[in-house]
Amino acid sequence: MTLDALTQRYKEEINGKKNQYQVVATAGYQLLASLQLSGNLTYTQSPIFQEDWAGLVRLNYDFATTTTGGKK
């Protein structure tokens, strides 16, 4: 799990704001030896966006950990 907070201050106002804020939260869990589930949630407040939310869900499968039954 991670939580990041970012800010940026502008020298001049843009659309009446001098600051931009962003918070990113990430969490993940290993379901099986070859299967991981994770996701991100991002909140942004900037001169362009009053409020903006974005999310992403990832499912990773590692094919290298599975066997096909063949012999070497």
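The values are calculated or read from the model by the stated rules, or taken from the named source; none is laboratory data. Please read all numbers here as calculations on a predicted model, not as lab measurements. With ideal geometry, Cβ positions are generated from the backbone for all residues, glycine too; neighbour counts draw on all protein chains shown. The protein model used for the area step is the full one, side chains on, heavy atoms only, and it has no ligands, DNA or RNA in it. Shrake-Rupley method; radii C 1.70, N 1.55, O 1.52, S 1.80 Å.
Would you kindly state how much longer the chain becomes between Val23 and Gln8 on full extension, computed as 0.36 nm times their sequence separation minus their alpha carbon distance, in nm to one decimal? Provide the component values of the computation, followed by the final result.
Details: separation 15, 0.36 × 15 = 5.40 nm, distance 1.20 nm.
Once the chain is fully extended between Val23 and Gln8, it gains 4.2 nm.
Order Arg9, Arg58 by their accessible area, 1.4 angstrom probe, all chains in place, largest first.
Numbers: Arg9 175, Arg58 80 Å².
My answer, sorted largest first, is Arg9, Arg58.
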* Using a Gaussian network model of the chain whose springs link C-alpha atoms within less than 10 Å, name the residue from Leu41, Leu59, Leu32 with the highest mean-square fluctuation. => Leu32
* Report, to two decimal places, the Cα Rg of the chain normalised by 2.2 N^0.38 Å (N = number of residues). => 1.78
* If the viscosity is 0.890 mPa s and the temperature 25 °C, what translational diffusion coefficient in µm²/s does Stokes-Einstein give for segment 26-66 when Rh comes from Kirkwood over Cα pairs? -> 203
* To do: Only Lys, Arg, Asp and Glu count, each charged at its Cβ (+1, +1, -1, -1), so figure out the dipole size of the chain about its Cα centre, rounded to 20 debye.
  => 320
